[in-house]
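A short write-up of the structure that comes next.
The numbers here are math on the coordinates, done by the rules we state, and not lab data. These figures come from a predicted structure and were not determined experimentally. So basically every Cβ, Gly included, is an ideal-geometry build from the backbone, and we count neighbours across all protein chains shown.
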Amino acid sequence: MTVALAGRPNSGKTSILMHLTGTVQRPVNFAGTSVERMESSIDVGTARLRAVDLPGITSLSPVSRDESVAIEFLKEAGAQGPDVVCAVLDAVKLSIELHLLRQLNGLGRPIVVALNKQDVARRQGRPVNARALEAALGVPVIETDGHTGAGAERLREAVIA
């Protein structure tokens, strides 16, 4: 099973990849630098989970080479493309993130949301009610913490389900 980690730049995709698969990656946070996708795999029970960390995108209309790499993979048909899209959303910028999520939903693939940076949103006094968001969106929403790895196991289970 292949899961594509998609989201805006600096939403925490690489941190989620590392916690999902137990690997160490070297994230690069400068525009235009993450032109290649990173991949890592892990065995989960009898399933093999291949996680693909894509360069950050702001929409499904590419404006740079790195966005083109991500969008081409997301739109890839058949066995070459992802089975599931994990939309990594920054809880602090949720109103902006939802625009991208709507576009990702239009791809017709199953979606799981990793609601990241909830700790920052709480410190700012703007926490997101993950259960209410899940009910409104109709897709699984899992709170994650890219620093500590909290929520990674639940996210892994949701992706496989």
- line: Taking the alpha-carbon centre of each part, the distance from segment 44-75 to segment 140-161 in Å is 18
- line: Each label sits 7 Å from Cα toward the beta-carbon; between Asp83 and His99 the label points are separated, in nm, by 3.3
message: What does the extension gain come out to for Arg50 and Glu76, with contour length at 0.36 nm per residue minus their alpha carbon separation?
response: 7.8 nm
message: What are the extents of the Cα atoms of segment 34-115 along their three principal axes, in Å, largest first?
response: 37, 26, 24
- line: Cα-based Debye curve of the chain sampled at q = 0.08, 0.16, 0.20 Å⁻¹ gives log₁₀ I(q)/I(0) of -0.19, -0.84, -1.38
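Against the 2.2 N^0.38 Å scaling, with N counting residues, where does segment 77-145 land? I'd like the Cα-based Rg ratio to two decimal places.
On the way: Rg = 12.6 Å, N = 69, 2.2 N^0.38 = 11.0 Å.
That ratio works out to 1.15.
Antiparallel DSSP bridges in segment 2-161: what percent, to the nearest 5? Write down the numbers at each step before the final one.
Numbers: 7 of 24 bridges.
Percentage antiparallel, nearest 5: 30.
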- prompt: Counting each DSSP H run of 4 or more residues in the chain as -39500 (n - 2.57), what helix-only mean residue ellipticity at 222 nm follows after dividing by all residues, to the nearest 500 deg cm²/dmol?
  reply: -9500 deg cm²/dmol
